[in-house]
1. Give the accessible area for B:S63 in Å² (nearest 10); use a 1.4 Å probe, count only protein heavy atoms, and leave out ligands, DNA and RNA.
2. May I ask you to list the trypsin sites (Lys or Arg not before Pro) in the range A:1-98 that are in a DSSP loop and have at most 12 other Cβ atoms within 10 Å of their Cβ?
3. Semi-axes of the equivalent ellipsoid for the range A:99-149, please: Cα gyration tensor eigenvalues, times 5, square-rooted, ordered largest first, whole Å.
4. If you add up the charges near B:A33, with Lys and Arg at +1 and Asp and Glu at -1, over every other residue whose beta carbon is less than 12 angstrom from its beta carbon, what do you get?
5. Mind running the shape call on the range B:35-160? Use the C-alpha gyration tensor, a ≥ b ≥ c as the square roots of the eigenvalues: rounded below 1.5 for a/c, prolate if a/b tops b/c, oblate otherwise.
6. Could you list log10 I(q)/I(0) for the range B:54-103 at q = 0.14, 0.31, 0.32, 0.33 Å⁻¹, which the Debye formula gives when each Cα is one point scatterer?
7. Counting only protein heavy atoms, what percent of the accessible surface of the range A:1-81 is carbon or sulfur at a 1.4 Å probe?
8. Counting only C-alpha contacts under 8 Å and six or more residues apart, can you give the relative contact order of chain B as a whole percent?
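The values are calculated or read from the model by the stated rules, or taken from the named source; none is laboratory data. This one's a predicted model, so the numbers in the text were calculated from it and none came from an experiment. Here the Cβ positions follow ideal geometry from the backbone for every residue, glycine too, while neighbour counts run over all protein chains shown. When the accessible area is computed, the model is the full protein with side chains, heavy atoms only, and any ligands, DNA or RNA have been set aside. Shrake-Rupley method; radii C 1.70, N 1.55, O 1.52, S 1.80 Å.
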Number of protein chains: 2
Amino acid sequence: MERPFVAHTEQAREVFRTFLRERGQRQTPERFAVLEALYHTGDHVDADALYQHLRDEADASVSRATVYNTLDLLVEAGLATRHQFDGSHARYERAYAYAQHDHLICTDCGHIYEFCDPRLHDTQQMIGQILGFAVARHSLTLYGQCRRDACPNRAESDDA
Amino acid sequence: MERPFVAHTEQAREVFRTFLRERGQRQTPERFAVLEALYHTGDHVDADALYQHLRDEADASVSRATVYNTLDLLVEAGLATRHQFDGSHARYERAYAYAQHDHLICTDCGHIYEFCDPRLHDTQQMIGQILGFAVARHSLTLYGQCRRDACPNRAESDDA
DNA sequence: CTTCATGCAAAAAGTTTGCATCCTC
DNA sequence: GAGGATGCAAACTTTTTGCATGAAG
């Protein structure tokens, strides 16, 4: 049922190893534990969720400071993506071997869906041309109401 | 040089009046002062900037709590838009009579540009159809490097 | 054994909340 | 006059920082 991401964890670890070595930074068990935790949770998690996971479910004990520190490294290494959806705090998502995609969030239940529209790439290029920009990346999030039965506020909406 | 937004302030005030009246909420001078401050600053400002402006430049003395409270009301009234660009905190922008647009931010100098691509509406609709969503709004931000002479990091980029 | 990373706790930054006072309706 | 709104400060949440200890190279 789940996407097979286990294999990618192995490769991500390798990438991280190389990344750290090249930058002359240390390969500590804590850093790999954070990487593992992120790749294990195939979701959009915040730093605290990872901290909790590491603290409770994994045997690794990593401080919050280290979680934040390592997440920054992972983002720099291209192994994680940082999102800041509307009103909330930072959330992270594994990035190795996962194609660039965007998000669709239900304003009722908070559920996050992913999608990909190739036309966005055109938009990105075109706007860059027009405004004289070297556009490196984009962040698109759609907000709306999903139609899941499980969605808490589902019934309330008038389906006009 | 500036866009003529003064006239819109008048109309926004009227909309706010009606909004408050209909909701049985009070029309206090503080609330209108915040509206005025937001519409006066034709930019993407945070709550604190508005607070400072009200405190120093305007004669109105409004507490931070009231600024936050009123900004929420303005967003609900459709008179303001709240943004949460990448790493930073909430920023607000006046919304009355300003067409839906998106943002392009220079990762070097932080400058915010605006643009509009009608194809986004199609994307929004299409993805909504596919995923069974009633998409209400979207948030798109492009990140890249601008080519302004004033951009601090301008020279460093290799123009490959 | 040197130096960088960790952990802890305190600080910082942004936002929310509780309560007495004030002012709109 | 009654009840919502304000201001102040304290609480809260998320993230950063400083410093002593600990471990990777």
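1. Probe radius 1.4 Å; accessible area of B:S63 about 60 Å².
2. Passing both the DSSP loop test and the Cβ count: A:R23, A:R26.
3. The answer is 28, 10, 8 Å, longest axis first.
4. Summing Lys and Arg as +1 and Asp and Glu as -1 gives -1.
5. Note, shape of the range B:35-160 comes out oblate.
6. Values, matching the q order: -0.44, -1.13, -1.15, -1.16.
7. Roughly 48 percent of what the probe reaches on the range A:1-81 is carbon or sulfur.
8. Relative contact order, chain B: 17 percent.
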